[in-house]
Amino acid sequence: MKIKQMFLWQLKSSLPAFIIFFCIITALTTVLTIVFARNGNGTFNMAAASIGVFFLFVVGCASFAENLHIAFGNGVSRRTHFLSFLLFAAFSSALTAFVCVLIDMIPSLSPSTYIPLLTDTPGMQIFFYFTLNFGFMAFGYFLAGAYYRMNKAAKITVSIIIPAAAITCFVLIMNTAAPVGPEVQPLPLFLQWMLASIMNAALFWLLFAALFLFLGWLVTRRAGIRQQQPAG
Amino acid sequence: MKIDFESGIPIYLQIADQIEDAVLSGIFPEDTQVPSTTELSTLYKINPATVLKGITLLTGNGVLYKRRGVGMFVCTGAKEKIQARRKQSFFDDYVASLLSEAEKLGISPDEVISMIKEGAKND
Amino acid sequence: MIEVRNVTKNFRNVTALRSLNVSFGENRIYGLLGRNGAGKSTLLNLMTNRLIPTEGFLYLDGFPLTENDRVLGKIFCMSENTLYEPSVRVERIFKWTAMFYPAFDTAYAAALAEKFGLDTRKKVGQLSTGYRSIFKLVLTLASGAEYLLFDEPVLGLDANHRQLFYEELLARYSKRPCTVILSTHLIEEIASLIEHVVIIKDGRILLDRPAEEIHNMGFTVSGKKDEVEKWCAGKNILGSQEIGGLMLAHILGRRSDIPASLTATPLDLQQLFIHLTNS
């Protein structure tokens with residue numbers, strides 16, 4: 001098994017991106033905190049942890065094809081490639097959650113302009129963002145994998161269906177408070193449960209991660225190299 | 001030395017012949033080392049197994065011998081051995097084809113003999 | 001030894017290989033020949049786990065090869081596609097390869113790069129077609145693997161670099177014996193390098209023989225048209241050409257007594273290949 005090598009490779013090749021991301025967010029948060037503290041009016045919260053989620057989503061998207069090709073080029077199986085992604089996703093999700101929660105503490109140095117986004121303990125926050133990061137990284141990996149496997153027609157279909165589904169979900173979430181027909185009752189109930197506590201939300205994102213990791217494995221299992229196909 | 005890939009003669013025989021030629025003309029004197037399989041193989045861009053087959057043929061013929069850990073050397077008396085063997089095949093390789101070509105051109109054997117004598121004089 | 005047993009590979013609407021059987025023995029140089037689209041790349045990709053067979057199995061020294069890290073580590077394949085991101089520097093890829101292949105010889109890779117004039121500080125995307133081939137050749141030669149697979153190794157290389165590659169390949173092979181599979185269109189150039197020939201046509205093995213035997217496999221007879229035709233009757237004719245009253249016929253089989261009025265010349269690998277694979 002070459003999990004260690006694959007993990008190290010992912011670490012080495014994406015380390016600059018992580019460092020640059022953390023530096024930019026830290027610098028931005030510091031500068032904005034100082035600006036708000038000087039002005040003395042308004043409140044400020046960077047929500048670095050939420051930005052981190054999107055960053056990891058992009059990392060997840062980029063992880064499929066490039067990693068698979070490195071695996072193919074170096075005699076590494078799909079299984080090892082997938083397991084090493086799993087390991088790397090867990091590691092980078094935890095790291096990003098930890099660093100971003102720390103960065104989000106910078107504005108609290110100026111208590112007069114600071115309103116926290118979450119009131120839970122830092123440990124709880126790190127755990128929550130870890131599950132959120134992990135879920136979105138798995139989601140990104142699956143999307144990239146599905147796109148890699150699809151032919152042109154399927155790509156177009158999916159490109160239409162996914163945004164449509166996302167909008168529908170968004171509308172449903174927005175209408176959670178408003179009573180709707182009994183047939184869609186279970187969904188709003190579930191969403192209400194999810195928003196009830198940070199622990200519930202973390203559990204939800206873990207389930208989300210598990211679902212997309214499973215789907216991710218399905219698209220990885222028999223993925224092949226793209227070669228110029230013989231005509232006819 | 002030149003290997004002709006289109007002649008239809010197996011490459012290992014060509015290799016063996018060319019080493020013999022080099023021994024006959026004194027390029028490789030007796031009891032000196034000949035190039036290694038690797039050197040010959042990279043020089044002519046020929047599979048080492050093919051070169052080895054040619055060299056093995058020569059060790060069987062008593063032209064080359066192996067010094068363990070050093071390489072292949074020319075046997076003492078190799079030159080005479082090659083000459084003796086080639087004299088035997090001289091008739092088949094040259095005289096027979098000379099006569100058949102002469103027949104096609106309508107040259108009688110007597111005329112051939114006088115041509116040979118003439119050629120030897122001019123040399 | 002790599003064994004391919006009853007392997008079929010289907011793509012969406014194309015069958016690339018049809019229950020193919022072939023094996024590649026230890027420490028030999030093989031030539032894998034076939035026309036465009038015959039299935040050479042598909043076969044190489046299956047042997048390196050880059051594709052999964054639709055049917056059948058592949059083994060290396062008796063162990064299943066597909067999805068087997070331990071076994072796959074013995075093979076290094078230079079593929080037609082470049083598997084690296086264009087923004088990565090060549091020297092970095094050398095380091096990465098050394099991580100995956102512990103036997104990778106960094107000093108040898110650097111020496112080879114210098115011989116070929118490959119600037120290792122360049123990014124993969126900045127290399128020309130020829131230098132991209134050279135970069136992949138260097139990587140494969142230095143990988144230290146027991147099985148070196150080359151898919152179109154000399155694509156875009158000039159005559160000097162091609163000669164240098166053949167020399168370096170033989171030097172590497174002599175120093176550390178390994179199994180080499182060369183898949184190429186330039187048959188004449190590799191004819192003397194290879195020990196064994198495998199020809200694929202339409203996803204099937206057409207010919208699988210020691211290169212030496214190729215010399216005796218066929219020949220060309222030429223002479224007056226009616227005489228050639230009369231003599232060729234009942235023989236396995238691969239193809240024929242006519243110029244005026246002169247006729248050339250390419251025959252598959254051993255040369256038997258040919259009348260004096262006809263001339264026979266040997267059929268080399270290139271000609272044999274062309275006549276065998278002409279549809």
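Annotations
Okay, residues lined up against (1) charged (D, E, K, R); (2) farther than 25 Å from C:Lys95 by Cβ; (3) surrounded by 19 or more Cβ atoms within 10 Å (Cβ to Cβ):
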position	(1), (2), (3)
A:Lys2	yes, no, yes
A:Trp9	no, no, yes
A:Pro16	no, no, no
A:Ile24	no, yes, no
A:Ile34	no, yes, no
A:Ala48	no, yes, yes
A:Gly52	no, yes, yes
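- Across segment C:167-213, the qualifying residues are those that are crowded, with 22+ Cβ neighbours inside 10 Å and more than 13 Å from the chain's Cα centre (by Cα), and the one among them that is nearest to the other protein chains (Cβ to nearest Cβ) is C:Leu170.
One line per residue, one yes/no per condition, for (1) of a type outside the set (S, T, N, Q); (2) over 19 Å from the mean Cα position of the chain (by Cα); (3) more than 25 Å from A:Lys2 (Cα to Cα):
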{"site": "C:Met1", "(1), (2), (3)": "yes, no, no"}
{"site": "C:Ala16", "(1), (2), (3)": "yes, no, yes"}
{"site": "C:Ser23", "(1), (2), (3)": "no, no, yes"}
{"site": "C:Ile29", "(1), (2), (3)": "yes, no, yes"}
{"site": "C:Asn36", "(1), (2), (3)": "no, no, yes"}
{"site": "C:Gly56", "(1), (2), (3)": "yes, yes, yes"}
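- Counting only helices (runs of 4 or more DSSP H) wholly contained in segment B:1-109, the ones carrying 2 or more residues that are away from chain C (no Cβ under 14 Å) occupy B:11-24, B:48-60, B:78-90, B:96-105.
- Number of the exception - C:Phe57 against (1) crowded, with 18+ Cβ neighbours inside 10 Å; (2) more than 7 Å from chain A (Cβ to nearest Cβ); (3) touching a residue at least 12 places away in the same chain (Cβ under 8 Å); (4) over 23 Å from C:Gly130 (Cα atoms): (1)
- Each residue in segment C:95-120 was checked for being under 19 Å from C:Leu169 (Cβ atoms) and either crowded, with 17+ Cβ neighbours inside 10 Å or aromatic (Phe, Trp, Tyr) (or both), and 10 pass.
- Residues satisfying the stated conditions in segment A:79-93, i.e. open to solvent by 40 Å² or more (accessible area, probe 1.4 Å) and away from chain C (no Cβ under 14 Å): A:Leu86, A:Leu87, A:Phe91
- Pair list, Cβ under 8 Å, 6 or more apart: segment A:58-78 residue at the interface with chain C (Cβ under 7 Å from one of its Cβ atoms) and assigned to a helix (DSSP H, G or I), other residue open to solvent by 40 Å² or more (accessible area, probe 1.4 Å) and of a type in the set (Lys, Arg): A:Arg78/A:Arg221; A:Arg78/A:Arg222
- Residue in segment C:151-163 that is under 28 Å from C:Leu20 (Cα atoms) and over 15 Å from the mean Cα position of the chain (by Cα) present: no
- Residue check for C:Glu26: closer than 21 Å to C:Ile194 by Cα and either facing another protein chain (nearest Cβ under 10 Å) or part of a loop (DSSP other than H, G, I, E, B) (or both): yes
- Answer from C:Asn49, C:Asn81 - the residue that is free of Cβ contacts under 8 Å to residues at least 12 places away in the same chain, out of contact with any Phe, Trp or Tyr (no Cβ under 6 Å at 6 or more places or on another chain) and not in a helix (DSSP H, G or I): C:Asn81
- Count of segment C:220-275 residues which are surrounded by 14 or more Cβ atoms within 10 Å (Cβ to Cβ), farther than 18 Å from B:Ile9 by Cβ and among the aliphatic types (A, V, I, L, M): 11
- The residues of segment C:141-168 that are modelled with pLDDT of 95 or more and touching a Pro at 6+ places or on another chain (Cβ under 8 Å) amount to a single one, C:Phe165.
The values are calculated or read from the model by the stated rules, or taken from the named source; none is laboratory data. Since the model is a prediction, treat every value here as computed from it, not as a measurement. Positions of Cβ are generated from backbone atoms using ideal geometry, with glycine treated the same way; all protein chains shown enter the neighbour counts. Remember, those area values only see protein heavy atoms, side chains included, never the ligands or the DNA or RNA. Shrake-Rupley method; radii C 1.70, N 1.55, O 1.52, S 1.80 Å.
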